[in-house]
1. For B:Lys71, which of the numbered conditions (1) over 23 Å from A:Leu283 (Cα atoms); (2) basic (Lys, Arg); (3) part of a helix (DSSP H, G or I) fails to hold?
2. Determine, yes or no, whether A:Gly56 is touching a strand residue (DSSP E or B) at 6+ places or on another chain (Cβ under 9 Å), closer than 26 Å to A:Lys113 by Cβ and at pLDDT 90 or above.
3. Taking the range B:101-124 on its own, how many of its residues are without any contact (Cβ under 8 Å) to a residue 60 or more places away in the chain and in contact with a Gly (Cβ under 9 Å, 6 or more places away or on another chain)?
4. Is there a residue being surrounded by fewer than 17 Cβ atoms within 10 Å (Cβ to Cβ), β-branched (Val, Ile, Thr) and away from chain B (no Cβ under 14 Å) anywhere in the range A:348-359?
5. Of the residues that make up the range A:75-97, is at least one over 30 Å from A:Val127 (Cβ atoms) and without any contact (Cβ under 8 Å) to a residue 60 or more places away in the chain?
6. Select from the range A:298-310 the residues that are without any contact (Cβ under 8 Å) to a residue 40 or more places away in the chain and part of a helix (DSSP H, G or I) and write down the one among them that is surrounded by the most Cβ atoms within 10 Å (Cβ to Cβ).
7. Within the range A:561-577, restricting attention to residues that are buried (at least 22 other Cβ atoms within 10 Å of the Cβ) and more than 23 Å from the chain's Cα centre (by Cα), which residue is modelled with the highest pLDDT?
8. Output the residue which, of all residues in the range A:177-189 that are of a type outside the set (Ser, Thr, Tyr) and surrounded by fewer than 13 Cβ atoms within 10 Å (Cβ to Cβ), is farthest from A:Gln458 (Cα to Cα).
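The values are calculated or read from the model by the stated rules, or taken from the named source; none is laboratory data. In this text, all values refer to a predicted model and were calculated from it rather than measured experimentally. Every residue, glycine as well, gets a Cβ built from its backbone with ideal geometry; the counts of neighbours run over all protein chains shown.
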Amino acid sequence: MLFNSIEIFNFGRYKDRNVFDTTVDPKKSRNVILVSAKNDRGKTTLFYAVKFALHGLPIEQVRKWVNFQSASEEDGEMFVEIKFAHESKNYTIRRSIKFRQTNRGEEIDTIGKPDLSIYENDVPINVGDNKQEWINHILPEDASQFFLFDGEEIKKYIEKPQENVKQAIEKVLGIRELLNARDDLNTVQIENFDKEYNKHVREHTRDEREKGDFEKLENDINLGKQTLEFHERSLQAAIEQKDKYRKELEKYKEIKEDVKQRDDFENRLKKVKQEKNRIEKDLSIKRGHLGMILLGPLLKQIDKTEENPPSNEQWESQTVQHMLKHDFKNCLCNRKIDDEIIKILKTKILNLEPTRSSFLKRFVEKVLINSNPEAKFVGLNNSLEALGKINQDMDNIDTSIITLNEKIQKNENVGELVKEYEDKYEEAIRDIERYENDKKELEEQLGKAINQKKKLEQKIETSVTDKNLDEASKRKEVCEKIRNAIESSISKFYQIKKPELEKHITSIFRRLTNNPELYEGLEIEDNFEMRVIRKDGTKLPTYTYSPSAGASQIVATAMIGGLNKFTTRQAPVLIDTPLGRLDPIHRQNLIEYYSQIGPQVIILYQPSELDDGDIEIIRNNLASEWEIDSIPGSADISKITRGKNYL
Amino acid sequence: MIQRISEKPLQLRSALKYVYDEFVDEKKLFQTNYSLFSFALVYGLMKSKRSDKTLNSDFIKINTIGDDQIKDVIDIVYQLLDDSDKEEGTWQEMLHIADGGLLELKEIYDKNKDFRIQNIVSEATTIWNDKIRDLKNINL
């Protein structure tokens with residue numbers, strides 16, 4: 001089945017005629033149509049229009065889908081028409097309803113029930129009153145949820161997995177009728193055959209003790225069944241509680257992670273502040289060297305100046321004075337100091353007096369050696385740079401903390417709430433365990449009582465001769481056998497089909513997950529709870545197996561995709577709001593998967609869900625792009641227009 | 001014999017106590033008043049700054065300063081300014097130069113929340129080259 005076009009007339013936000021050309025070319029892999037629409041523009045309306053055309057909607061809902069503006073103007077008609085190709089033939093289905101003019105604000109006055117017309121190449125086909133069955137033959141309503149699915153509704157597979165997984169599997173396996181038959185037989189047996197049989201036993205048993213035992217067992221069994229029913233209800237309630245708190249914890253898991261991250265930042269900020277204090281203290285010491293640092297260039301210049309007289313002459317004078325004073329025999333050059341030499345030496349003696357400039361120069365020489373102003377400047381500069389960097393770090397951390405606080409919405413009780421929900425979640429788990437144990441015990445006791453009653457029945461039957469009792473016994477027995485056979489068939493059928501179903505779901509899951517090396521696949525347990533199996537054999541609940549954003553959504557999508565494949569139908573896939581909050585790898589995997597889920601895929605998305613990068617992933621698969629938007633001057637009315645055509 | 005002025009019990013004084021309070025006590029940018037004084041003194045000398053305000057606040061006597069390098073700075077500046085042992089006069093002049101330097105440093109800090117030390121140090125070589133001839137006791 002491939003849609004060629006969808007025409008919407010006075011349905012929802014679509015006043016008058018809107019035609020959506022859904023032509024694709026699967027042979028060229030151009031099988032995806034993108035439809036973009038902001039919130040409340042008519043995206044979901046389009047989704048429900050297709051559902052209405054294919055399988056109808058309850059009449060109360062149909063009235064709500066009539067375009068109120070058209071209805072306020074005059075009598076008219078609302079319809080959705082789908083032209084499609086199936087098994088090399090072209091068909092048209094048109095579902096319509098007439099309405100009377102209705103003032104705004106009032107419930108729209110529709111006329112009769114919706115009318116369904118089916119054409120083959122524009123010629124009405126003759127199927128009598130079985131038109132809906134004709135459509136169901138191509139795409140059964142039960143299976144349609146795996147072709148027309150709302151991304152938001154995927155959540156239900158995460159929130160109440162067991163109930164929804166169970167129903168979905170039962171629908172897809174087609175065992176609903178068998179289940180109905182089993183339930184009907186159960187009712188017939190209990191309400192009619194058992195009652196009739198028990199009545200005859202009571203009437204014809206001569207042994208008072210056996211009669212008493214029989215009645216007691218009857219009462220015990222009835223009471224046991226009631227108690228079991230009560231426990232079953234309590235168990236369901238506990239499961240619902242557990243799911244409720246798990247959902248709350250999921251919600252708070254995000255906040256909890258944000259809280260943890262914020263706490264980490266705050267700890268880091270403390271350490272950074274301590275480091276800053278240390279650097280500032282260090283800087284306050286190093287700033288004390290600034291006088292010397294600034295003098296540095298001047299001191300270097302002073303150091304280069306020469307004393308007056310030059311320092312070598314001063315040195316010679318001092319050395320000569322020292323030699324003469326201490327009566328050196330030899331000069332420094334080892335020459336013997338005689339009178340001649342003494343005369344020469346004495347000419348070297350200068351009348352030295354310490355001048356201020358010489359004092360300053362020598363003082364500067366000593367200071368440069370001891371202080372090293374250049375090195376001090378380097379040290380100071382390094383500390384200033386470290387301070388600058390740490391201030392930047394602090395700003396960044398502060399910004400992160402502010403952002404996280406805004407996200408957490410200043411909920412100071414998050415930690416306490418999480419604790420409270422965790423406690424309640426644990427309590428629900430304990431209750432479930434307790435109810436399951438009690439239920440098991442009750443079932444065993446009930447089983448014993450039923451067996452005892454059966455034995456007693458057999459004993460009574462052999463000792464009592466009564467035609468009515470015999471017939472009642474036979475009817476009861478036949479009913480039980482049929483019911484058991486159906487039960488066994490359902491179970492057997494499920495056991496045979498389950499591995500195949502798991503294989504489909506696993507294959508899609510491993511394709512979508514952001515860590516396929518880690519996971520073996522998905523498994524459906526006997527109680528319809530799904531588990532993720534890791535390579536090391538560990539089995540984890542689907543809602544906690546991964547911290548990645550959207551991990552649960554991936555499991556639910558794999559579930560739906562697997563069931564889609566299991567139906568072995570080829571029908572268009574229409575996805576409303578496909579992408580929730582997903583990490584980048586899940587996101588890319590999901591986009592790529594959607595383009596290959598079927599021969600025709602129509603994705604209805606909000607502009608914020610898919611950016612240019614996302615669209616680029618599937619650009620080579622696009623057949624066309626469309627946009628739904630309000631018409632100018634009328635915020636309540638939408639129009640669908642083609643953006644691009646790739647065919 | 002030429003004595004070091006830093007060995008003398010000369011009073012370190014200023015007209016700008018509020019600036020010392022801000023930079024040393026409040027903001028803790030400097031460990032001591034005298035370390036700030038040495039920076040302001042050299043800066044004031046380098047930039048030819050001088051304040052005429054009355055020196056009305058006393059800090060410590062410079063011979064009690066515990067940091068030899070600060071004392072060295074004071075001694076060097078004194079030698080650059082004095083060539084005839086007018087000790088008290090030169091010392092007073094140094095105090096006014098320090099206050100002049102400190103006023104400008106406060107302006108820089110108020111504007112930038114920073115002393116712009118890298119800028120000051122980078123221009124020091126050029127300034128000293130021009131100023132060296134005006135300084136005393138340098139045998140050029």
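1. Status for B:Lys71: all satisfied but (1).
2. Details: touching a strand residue (DSSP E or B) at 6+ places or on another chain (Cβ under 9 Å): yes; closer than 26 Å to A:Lys113 by Cβ: yes; at pLDDT 90 or above: yes.
Here the answer is yes, as A:Gly56 does meet what is asked.
3. 1
4. Yes - at least one qualifying residue is present in the range A:348-359.
5. Taking the range A:75-97 first, the residues over 30 Å from A:Val127 (Cβ atoms) are none.
Checked against the condition, which is being over 30 Å from A:Val127 (Cβ atoms) and without any contact (Cβ under 8 Å) to a residue 60 or more places away in the chain, the range A:75-97 yields no hits at all.
6. Step one: list which residues in the range A:298-310 are without any contact (Cβ under 8 Å) to a residue 40 or more places away in the chain, which gives A:298, A:301, A:304, A:306, A:310.
Add one more test, that the residue is part of a helix (DSSP H, G or I), and what stays is A:298, A:301, A:304.
Working: A:Leu298: 26, A:Gln301: 17, A:Lys304: 9.
The extreme case among them is A:Leu298.
7. Selected residue: A:Pro572.
8. Here is the first cut: in the range A:177-189, the residues of a type outside the set (Ser, Thr, Tyr) are A:177-186, A:188-189.
From the residues that got through so far, the ones that are surrounded by fewer than 13 Cβ atoms within 10 Å (Cβ to Cβ) too are A:177, A:180, A:183-184.
On the way: A:Glu177: 33, A:Asn180: 30, A:Asp183: 26, A:Asp184: 26 Å.
That would be A:Glu177.
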